[in-house]
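Each remark here refers to the structure printed beneath this line.
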Amino acid sequence: MSSNRWPPRAAWAFAACGALHGVAAAQTAPPLETLLREAAAPRLIVVDAEMRAAEGRAQQARARPNPTLDLQVENVGGSGPYHDFEAAETTLSIGQVLELGGKRGARTATARAEFDTARSRAVLGRVAYARDLVVAYATAEAASERLAAARESHELAEADARAAQLLVDNGKEAELRALQARAAVSVAQAEVSRAEAELGGALARLGALTGGERTFTAVTPGALDRVWPASSSNKAPTVAVAEAEQRVATRKLDLEHRRATPDVTVNFGVRRLAGEDATAAVAGFSLPLPLFDRNRGAVNAARAEADAARARLLMAQAEAIADRRGAEGEAGAAERSAAAAREGQVVAREAYRLARLGYEAGKLPLIELLAARRDLVSARQRAIEARLARVKALADLAQANGQIAFEDTQ
């Protein structure tokens, strides 16, 4: 008698494998500097693939036109003496297109310029990815700290509720105070749920950005307090891309000018005259007459594209200067705000401690204790937001300077 039920040991083994797979798939995110060095993110794969494609096109642009092999048989399948192959003329020739006017060199130069543009775009893509990765990592860490703050606030609310209930039981407070304290516990519990959902979303976005099948359950702390010295010596990547695009447009204009020169096709071959039992050489060339198509429309279009590329370069240079100055100002302001928020958190924590002592001693009403706890929660949230804003500002400054944010820092 057959059975579809698994033996108990097999079932336990399968369950254990599933649990181990879940643990392997769900993990703490590696440190930020480790993720910055990884190259498996989809965005990085895209820019590297585009650069390799441009390199392949540059390689192809150097190729010369292939020769043409031509075989013709004449004076066959007719009437009279041409009804068979006795009077056939068979010609075997080879033809080669000769590119005139420097078209091959111009085409190769254009392809090389396009490869340089793809390389500049790859640098821009890596810098932008590093900025987004730093922000996503810091956002996840900030969400984790918000959750810790919400849980601490919930614990404090429960402690306040127990203290309020004790005073009510001793007849030192009205029952209303205990109800108010329990309502504050419910609000704090709702904040914990909201912070848990926020952390889950931030970790999911971080995992999607880094690619792969990893599911992060936490991040390695430290990104929010990272110190990073910015440098303005690098050229802005947007300017580098605009300069490369202008060079491509200039090369294309030169190429279109050269394409107006017609190419020559030369032919050489041998002819077998069956009727005379003789062989002769044949040679010739062909040259298009530029009567109708002189490539003027393409030249005008390339000239307009070159003008647009120059204008885009001027725009990129102006925007890069403005972005750099704005990022420097934001970074300085964020640094000062983070320092002020840290000081405010220390003051709020001390104020709550004193309010708690005063309430337990019967010297302060419950409303003062609840207000002090709200101020402490708000101060901690402000400190987290200020530290996150500082990291975002530094990441924006790094992108404006063409740097990989927080690369090789401790």
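The values are calculated or read from the model by the stated rules, or taken from the named source; none is laboratory data. Nothing here was measured: the structure is a model prediction, and the numbers come from that model. In this analysis, Cβ positions are derived from the backbone assuming ideal geometry, glycine residues included, and neighbour counts consider all displayed protein chains. Calculation scope for accessible area: heavy atoms of the full protein, side chains included, ligands and nucleic acids excluded. Shrake-Rupley method; radii C 1.70, N 1.55, O 1.52, S 1.80 Å.
Mind checking the per residue accessible area of the chain for me, 1.4 Å probe, whole number of Å²?
Values: 23690 Å² over 410 residues.
On a per-residue basis, the chain sits at 58 Å².
Share of the chain's accessible area from carbon and sulfur, percent, 1.4 Å? Working shown, then result.
On the way: 13490 of 23690 Å².
Roughly 57 percent of what the probe reaches on the chain is carbon or sulfur.
How much accessible surface does Leu289 have with a 1.4 Å probe, in Å² rounded to 10?
130
In terms of solvent-accessible area of protein heavy atoms at a 1.4 angstrom probe, what is the ranking of Leu394, Leu100, highest value first? The partial results should precede the final answer.
Values: Leu394 15, Leu100 70 Å².
Final ranking, largest accessible area leading: Leu100, Leu394.
Relative to the longest principal Cα axis of the chain, at what angle does helix 237-259 sit, 0 to 90 degrees, rounded to 10?
10
Figure the gain on full extension for Leu314 and Val266 (residue separation times 0.36 nm, minus the Cα-Cα span) and round it to one decimal in nm.
Values: separation 48, 0.36 × 48 = 17.28 nm, distance 4.70 nm.
Roughly 12.6 nm would be gained on extension.
What accessible surface, in Å², does a 1.4 Å probe find on Met51, ignoring ligands, DNA and RNA and rounding to the nearest 10?
Met51 has an accessible surface of roughly 40 Å² with all protein chains in place.
Can you give me the Rg/Rh ratio for the stretch 77-220, using Cα atoms for both radii and the Kirkwood formula for Rh?
Here Rg/Rh amounts to 1.70.
Where does each of Glu196, Glu245 land when they are ordered by accessible area, with a 1.4 Å probe and the largest first? Don't jump to the answer; show the numbers that get you there.
Details: Glu196 85, Glu245 55 Å².
Highest to lowest solvent-accessible surface, that is Glu196, Glu245.
What ranking, highest mean first, results for peptides 382-390, 35-43, 59-67 when packing means the other Cβ atoms within 10 Å averaged over each residue? Mind showing how you got there, number by number?
Numbers: 382-390: 21.1, 35-43: 14.8, 59-67: 11.9.
Most protected by this proxy first, the peptides run 382-390, 35-43, 59-67.
Just from the alpha-carbon atoms, what are the Rg and Dmax of the stretch 340-399 in angstroms?
Every Cα atom of the stretch 340-399 included, Rg and Dmax give 15.7, 56 Å.
Highest mean first, what order results for 75-82, 152-159 on Cβ atoms within 10 Å?
On the way: 75-82: 11.1, 152-159: 18.1.
Sorting 75-82, 152-159 by mean packing, highest first, produces 152-159, 75-82.
Based on the Cβ-Cβ distance of Asp307 and Glu86, what FRET efficiency does E = 1/(1 + (r/R0)^6) give at R0 = 56 Å, to the nearest 0.05?
Details: r = 67 Å, r/R0 = 1.20.
According to the calculation, E is roughly 0.25.
Where does helix 175-210 land angle-wise versus the long Cα axis of the chain, in degrees 0 to 90, nearest 10?
20
What ratio of Cα Rg to 2.2 N^0.38 Å holds for the stretch 19-114?
Numbers: Rg = 30.0 Å, N = 96, 2.2 N^0.38 = 12.5 Å.
Taking the Cα Rg and dividing by 2.2 N^0.38 Å, one obtains 2.41.
Nearest 500 deg cm²/dmol is fine: what mean residue ellipticity at 222 nm does the chain get from its DSSP H runs of n ≥ 4 alone, each adding -39,500 (n - 2.57), divided by its residue count? Don't skip to the end; give the middle numbers.
On the way: 8 runs with 270 residues, N = 410.
Dividing the helical sum by the residues of the chain leaves -24000 deg cm²/dmol.
Placing unit charges on C-beta atoms (Lys and Arg positive, Asp and Glu negative, everything else neutral), compute the dipole magnitude of the chain about its Cα centre in debye, rounded to 20. The partial results should precede the final answer.
Working: 54 positive and 52 negative charges, 171 e Å.
Once rounded to the nearest 20, the dipole reads 820 debye.
Rounded to the nearest 0.05, what FRET efficiency do Arg182 and Ala40 give with R0 = 56 Å and r taken as the Cβ-Cβ distance? Could you check? Provide the component values of the computation, followed by the final result.
On the way: r = 50 Å, r/R0 = 0.89.
Approximately 0.65, to the nearest 0.05.
Would you mind giving the three semi-axes, in whole Å and largest first, of the ellipsoid equivalent to the chain according to its Cα gyration tensor? Mind dumping the intermediate values first?
On the way: eigenvalues 1174, 206, 45 Å².
Values for the chain, descending: 77, 32, 15 Å.
What percentages, rounded to whole numbers, describe P(r) for the stretch 75-161 computed over all alpha carbon pairs with 10 Å bin width beginning at zero?
Over the stretch 75-161, the share of Cα pairs per 10 Å bin runs 12, 13, 11, 11, 11, 10, 9, 8, 6, 4, 3, 2, 0 percent.
Over all distinct Cα pairs, what is the inverse of the mean 1/r for the stretch 241-315, reported as the Kirkwood hydrodynamic radius in Å?
Numbers: mean 1/r = 0.0630 Å⁻¹.
Computed over Cα pairs of the stretch 241-315, the Kirkwood hydrodynamic radius comes out at 15.9 Å.
Between helix 42-61 and the chain, what is the angle of the helix's C-alpha long axis to the longest principal axis, kept within 0 to 90° and rounded to the nearest 10?
Once rounded, one gets 10 degrees.
For Lys103, Lys363, give the ranking by accessible area with the largest first, probe 1.4 Å. List each step's numbers first, then the result.
Working: Lys103 15, Lys363 165 Å².
If we order Lys103, Lys363 from most to least accessible, we get Lys363, Lys103.
For the chain, what is the percent of antiparallel DSSP beta bridges, rounded to the nearest 5? The partial results should precede the final answer.
Numbers: 26 of 29 bridges.
Expressed as a percentage, antiparallel bridges in the chain total about 90.
Need one number for the stretch 310-377: average projected area of the convex hull over its C-alpha atoms, nm². List each step's numbers first, then the result.
Details: hull surface 23.6 nm².
Average of the hull's projected areas for the stretch 310-377 equals 5.9 nm².
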